[in-house]
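I have placed the structure first, in the form of structure tokens, so that the comments after it can refer back to it.
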Amino acid sequence: MIKTEPILKANGIEKYFNDPVRVKVLDNICFEIQKGDFVAITGKSGCGKSTLLYILSTLDTDYDGQLWLEGKLTSGKTDKELALIRNQKIGFVFQFHYLLNEFTVLKNVMLPALKLGQKSKEEIEHDAIQNLKLLGMDQKALKNANQLSGGEKQRVAIARALINQPLIIMGDEPTGNLDNKNTDIVYDIFKELSTTFQQTLLIVTHDQEFAAKTHRTLVMEDGRMV
Amino acid sequence: MVRVNLDIAKSLMTARWQQTGIAAVGVTFSITMFIALLGFMNGLNSMLDGLIINRTAHVRLYNDISPTKNQPIAIGTDSTKEHHFIHSLKATSVRKDIYNAPQIMQALRQDKRVTGIAPRLSAQILYNAGSIDITGVLNGIEADAESNLFHFSDYISRGEAKDLNSIPNAVILGKGVAEKLLVEPGDVVQVTTSLGNKLSLKVVAFFQSGIAEYDKVQSFVSIETVQKLLGVSKSYVSDIQVKLTDITLAPAYAKELSAVYQVNAEDIQTANEQFETGSFIRSLISYAVGITLLIVAGFGIYNILNMMIYEKMDTIAILKATGFSGADVRSIFMYIALSIGLVGGLVGLIIGYVLLRIIDTIPFVTAALPTINTYPVDYNPVYFFIGITFSLITTALAGFFPSRKASIVDPVTIIRGK
Ligand SMILES: Nc1ncnc2c1ncn2[C@@H]1O[C@H](COP(=O)(O)OP(=O)(O)O)[C@@H](O)[C@H]1O
Ligand SMILES: [Mg+2]
């Protein structure tokens with residue numbers, strides 16, 4: 001049997017904070033994610049989930065250990081190279097629906113693709129509207145980002161994360177700030193992305209119910225995988 | 001890719017259009033003042049320079065009356081050991097005209113460095129006004145050459161310069177002279193030379209240089225009239241005025257002519273040093289004021305950008321999380337700074353130009369300058385070019401540090417901080 005290359009591989013990742021004293025917040029994190037996996041990371045608040053996700057998404061470069069994406073080592077790359085990886089390979093969904101209030105919903109979704117610059121503006125606009133449709137947000141495409149409710153913003157953020165057909169979507173408690181109804185909507189969206197499009201997903205959550213519905217759950221405790 | 005950054009810069013600016021506008025108005029104000037000051041100051045400069053430089057030859061050839069430099073007594077003896085009781089061999093029977101003038105003029109006319117030449121022959125005379133005589137100078141000129149090269153016709157306050165050629169024994173009187181003699185164009189004045197020759201001249205025009213002392217003494221006739229009055233030949237010329245294609249060549253050219261033709265040659269720079277200094281100081285003041293204003297505007301832009309970046313930390317963090325690099329973020333904020341500089345600067349150029357047009361219409365009448373009716377303004381495109389360049393440089397400098405700060409914002413700290 002041919003062993004397929006993992007989409008994401010973490011090897012011995014360690015992270016210290018020096019403020020106010022030197023504390024180890026991540027200790028020897030090793031795991032792999034295969035294509036099409038739907039993985040949840042759970043653990044008590046303060047156990048280091050967010051810290052790990054920032055490292056995995058290449059936003060945080062100050063750590064020990066190695067991180068591979070598609071079999072390529074990302075540790076030690078330049079700011080520009082990492083920006084391109086984030087742009088092309090990673091879709092990020094935050095707990096707090098970070099949209100740019102200066103732009104319309106549609107433009108927010110389009111921006112990462114405009115940055116990548118591989119398609120014409122018309123194609124990108126078409127893709128963005130498709131994504132918004134998928135998330136039931138196409139009616140709001142021309143609204144300003146700050147005119148949306150929390151749940152709507154989160155759906156737009158997911159549409160944005162999908163625009164460049166990323167290798168993996170990472171979410172840091174994407175439902176943490178939503179009511180039950182919206183949490184269910186967002187969960188259903190992830191589920192559909194996983195089953196229909198074989199989208200790889202890595203979602204941090206402390207919602208046990210949510211975690212139970214994924215393919216695989218990684219549990220963290222005091223900076224370690226258990 | 002660059003288009004996206006520009007697009008984002010534009011959106012950030014429109015979202016904060018009031019702040020952006022205020023920053024741009026600062027630039028506009030300083031560029032307006034810069035253009036208005038430079039245009040006006042240099043207008044004044046060229047007017048004042050014009051008073052002297054326009055009508056002064058770049059190089060003037062003449063024959064000075066001076067005793068010989070090699071006094072005969074010094075030739076045979078050693079002057080360090082002995083005292084000379086005889087030391088002053090005075091100048092005598094020196095010719096006042098330029099030796100070989102026609103040949104020199106011929107050669108000068110063929111020289112590529114020379115724009116044109118105008119010969120002169122001046123005579124000390126007395127204007128006869130009733131019972132008293134007024135001393136004066138009669139300048140024999142070639143009216144066309146003087147007008148073409150030295151703006152002679154600009155200083156004619158009544159009548160026409162070219163009548164000097166067409167009307168026999170015509171004279172253009174200095175304004176001061178005319179006032180003393182109480183004559184009008186069309187009247188006749190009598191002049192007497194130092195040798196007692198008398199001549200009647202018909203007044204055709206008045207000359208007003210702007211320098212009253214000069215106008216009280218000088219009058220102009222054709223060069224032939226003076227030659228006739230002095231009883232000398234047609235080749236007799238006391239001055240040759242040379243105008244060069246490049247004024248900066250004058251000192252070297254004067255030396256060359258002096259050596260080749262054995263005449264005295266004076267260049268304009270040596271003759272009018274003080275005017276250069278005045279012009280220089282006036283330009284310096286305008287540049288200093290303009291640049292000071294721009295620096296103040298630069299600090300305004302610096303503050304506003306810093307404020308904007310502080311407010312837009314979230315935006316910067318999201319941009320970075322979704323794939324914009326530090327360099328992209330820096331270019332976004334540099335675009336903002338440069339747009340403020342470009343738009344503010346261009347509007348400043350336009351308002352500055354309008355202001356100059358207004359200054360240009362304000363009446364400025366002075367007896368000293370008959371050809372000037374409004375304040376002088378210089379619309380030299382170079383000032384507009386310098387203005388926009390300065391505004392771009394200032395805003396680029398003002399934008400540099402805030403943009404760098406934005407580019408090194410750590411998105412993790414911002415996202416975590418929510
Ligand atoms: N900038 C920081 N400086 C010092 N300690 C930090 C910093 N950020 C997070 N921590 C600490 O690191 C630990 C892990 O935090 P985090 O990854 O946010 O946990 P989680 O997301 O699992 O709740 C916590 O104890 C937190 O207090
Ligand atoms: Mg967290």
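List of remarks:
- Qualifying residue in the range A:22-31 (condition: within 13 Å of ligand 1 (Cβ to nearest atom), within 14 Å of another protein chain (Cβ to nearest Cβ) and either of a type outside the set (D, E) or surrounded by fewer than 21 Cβ atoms within 10 Å (Cβ to Cβ) (or both)): yes
- Test: B:T135 is open to solvent by 70 Å² or more (accessible area, probe 1.4 Å), modelled with pLDDT of 85 or more and farther than 26 Å from B:S235 by Cβ: yes
- Verdict on A:F103 being within 12 Å of chain B (Cβ to nearest Cβ) and either within 16 Å of ligand 1 (Cβ to nearest atom) or open to solvent by 40 Å² or more (accessible area, probe 1.4 Å) (or both): no
- Count of the range A:168-208 residues, restricted to those that are open to solvent by less than 40 Å² (accessible area, probe 1.4 Å) and either within 13 Å of another protein chain (Cβ to nearest Cβ) or within 16 Å of ligand 1 (Cβ to nearest atom) (or both), is 11.
- In the set B:M334, B:M307, only one residue is more than 14 Å from chain A (Cβ to nearest Cβ), closer than 30 Å to A:Y54 by Cα and open to solvent by 70 Å² or more (accessible area, probe 1.4 Å); that residue is B:M307.
- Yes/no for B:A15 being more than 25 Å from the chain's Cα centre (by Cα), at pLDDT 90 or above, within 14 Å of chain A (Cβ to nearest Cβ) and crowded, with 17+ Cβ neighbours inside 10 Å: no
- Single unsatisfied condition, B:I268 versus (1) open to solvent by 60 Å² or more (accessible area, probe 1.4 Å); (2) at pLDDT 80 or above; (3) of a type outside the set (S, T, N, Q): (1)
- The residues on offer are A:T61, A:T74, and the sole one that is away from ligand 1 (no atom under 16 Å from the Cβ) and either closer than 25 Å to A:T217 by Cα or open to solvent by 20 Å² or more (accessible area, probe 1.4 Å) (or both) is A:T74.
- Residue count, the range B:1-12 (criterion: open to solvent by 30 Å² or more (accessible area, probe 1.4 Å) and part of a helix (DSSP H, G or I)): 5
- The range A:108-132, subset more than 8 Å from every other protein chain (Cβ to nearest Cβ) and among the charged types (D, E, K, R), residue least open to solvent (accessible area, probe 1.4 Å): A:D127
- Helices (runs of 4 or more DSSP H) fully within the range B:138-218 counting 1 or more residues that are aliphatic (A, V, I, L, M) and either more than 26 Å from the chain's Cα centre (by Cα) or not assigned by TED's automatic domain parsing to the domain that holds B:P119 (or both): B:163-166, B:175-181
The values are calculated or read from the model by the stated rules, or taken from the named source; none is laboratory data. Being a predicted model, the structure only gives us computed values, none of them experimental. Here Cβ is always computed from backbone atoms with ideal geometry, including for glycine, and neighbour counts include all displayed protein chains. Just so you know, the surface numbers come from the protein's heavy atoms only, side chains and all, with ligands and any DNA or RNA stripped out. Shrake-Rupley method; radii C 1.70, N 1.55, O 1.52, S 1.80 Å.
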